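The values are calculated or read from the model by the stated rules, or taken from the named source; none is laboratory data. What you are looking at is a predicted structure, and each value in this text was computed from that prediction instead of being measured. Reconstructed Cβ throughout: ideal geometry from the backbone, glycine too, with neighbour counts over all protein chains shown. Surface areas here come from the heavy atoms of the whole protein model, side chains and all, with no ligands, DNA or RNA. Shrake-Rupley method; radii C 1.70, N 1.55, O 1.52, S 1.80 Å.
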Amino acid sequence: EPKTLLTEAKRIPGTDGRKMSKSYDNAVYMKDDPETVGKKIKPMVTDPARMRRTDPGDPDKCPVFDLHRAFSSTETQEWAAEGCRPAGIGCIDCKARLTDHMLDRLSGIHERRPAYASRPDTVWDILREGSKRARLVAQATMDEVRSAMKIDYRTT
């Protein structure tokens, strides 16, 4: 029976706490430069119960912590959770650490993007080649599924 495969970050929230979406204008794009990423994360919505720096928080209700799950190390996630619950750290501190981790994860993209942006034909060639390889894998998977289900789709 098929099982769901999920990462630790089951959803990626936008900067307003809703799902991240271009149409909501609440997305952090991979092409965003470091300054833009910081500007988008700094005003991000956090746990609604934390009205003041001294209010304890709940990382499970905080969209910033959801992004920590996707981008930050286990150590940073523990630091954020342990600091948030008793109000040992402020949301600004938490967002700054998140921004550092996001920029670290995006650094490779930021380094390679100018070369690819200047050669769009190369990008299309890479996409076509990847599509061919994916199609072969998908075909083999579907053949295996049809065989297991005893479906001979070629004779119908």
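Using the Stokes-Einstein relation with a Kirkwood hydrodynamic radius computed over Cα pairs, the translational diffusion coefficient of the stretch 40-156 at 10 °C and a viscosity of 1.306 mPa s comes to 87 µm²/s.
Sequence-distant contacts, meaning Cα pairs under 8 Å at least 6 residues apart, place the relative contact order of the chain at 19 percent. The long axis of helix 91-117 is offset from the longest Cα principal axis of the chain by roughly 40 degrees. Rounded to the nearest 500, the 222 nm mean residue ellipticity of the chain from helices alone is -18000 deg cm²/dmol, with -39,500 (n - 2.57) taken per DSSP H run of at least 4 residues.
Using a 7 Å offset from the Cα along the Cα-to-Cβ direction at both E35 and R18, what is the distance between the two label points in nm, to one decimal? For the pair E35/R18, the computed spacing is 2.9 nm.
Residues of the stretch 1-45 with an amide N closer than 18 Å to a point placed 7 Å from the Cα of V137 along the Cα-to-Cβ direction: 3-7. Taken along its principal axes, the alpha carbon cloud of the stretch 1-107 reaches lengths of 42, 40, 25 Å, longest axis first. Helix 120-148 versus the longest principal axis of the chain: what angle, 0 to 90°, nearest 10, using Cα atoms? That helix lies at roughly 70 degrees to the long axis. Expressed in units of 2.2 N^0.38 Å, where N is the residue count, the Cα radius of gyration of the stretch 104-152 is 1.83. Only Lys, Arg, Asp and Glu carry charge here, each on its Cβ (+1 for the first two, -1 for the last two); on that basis the chain has a dipole of about 500 debye about its Cα centre. Ligands, DNA and RNA are left out, and with a 1.4 angstrom probe the accessible area of the chain is 71 Å² per residue. Backbone amide hydrogens, once placed in the peptide plane, bring K19 within less than 5 Å of G14, excluding anything fewer than 5 places away on its chain. Shown for the chain: the carbon plus sulfur share of the solvent-accessible area, taken with all protein chains present and a 1.4 angstrom probe, equals 56%.
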